[in-house]
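Read the structure below first, then the notes.
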C-alpha cells in the first residue's frame, strides 16, 4: 500500500490541469478522467455517485448533452481506443462535485487524488485572479499617465500576452574543447 507522501508524488499537477475543461461556463472534470486518476473503472465511479445522488446537485455535476459531447470530442485529440469506452454521455463534475466525490469514494488514493485536484483548482483560480489584478493595475496606471507613456504600457501588455519564446544565442561561441591557451 502506498503512503500519503508517495501518492502525492504519483500524480503530477499537469496531469490534472490537462483534464480540466470549461463546459457551460464552468471548470469541470469528466467522469472517465476522474476514474483514471482514482484508478477505478468509470462504471464504479458513476455507480457510487448514483447511490449517493442527493450529494450531487446540478451545480456539482451534470451530464453532457450530445452537442457538448461532439464539441468536446472535436477539441480533444482522442485515439480510437479512448473512444471505445464512450457508449454513454459522460458526467462532468465541478470543483464542488469533485470535493463531494471524496465522501463516496473512500480509498486512500481517492482521498489523496481529491486533495491534489482541489489544490489544482485553487491554484488555477488564484492565477486567474492575480493575472486579472495585474491587468487592472496596468490599465489604471495607463489612464493616470499621459500619452507619452503609451509605448511603455503597450510593451508591458504585449509581454503579458506573448508566450515566452526560446532565446536564440547569437554570435560566435567557442566550444570548451576548441579553446586553446596561447
State yes or no: is residue 87 modelled with pLDDT under 80, surrounded by fewer than 13 Cβ atoms within 10 Å (Cβ to Cβ), in a loop (DSSP other than H, G, I, E, B) and over 22 Å from the mean Cα position of the chain (by Cα)? yes
Take residue 44 and decide whether it is assigned by TED's automatic domain parsing to the domain that holds residue 118 and either surrounded by 13 or more Cβ atoms within 10 Å (Cβ to Cβ) or at pLDDT below 90 (or both). no
Residues of the stretch 61-73 being part of a loop (DSSP other than H, G, I, E, B) and modelled with pLDDT of 95 or more, in sequence order, are none
Give just the number: which of (1) closer than 16 Å to residue 19 by Cβ; (2) in a helix (DSSP H, G or I); (3) at pLDDT below 85 does residue 77 not satisfy? (2)
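The values are calculated or read from the model by the stated rules, or taken from the named source; none is laboratory data. As the structure is a prediction and not an experimental result, all values here were calculated from the model. No Cβ is skipped: glycine too gets one built from the backbone with ideal geometry, and neighbour counts run over all protein chains shown.
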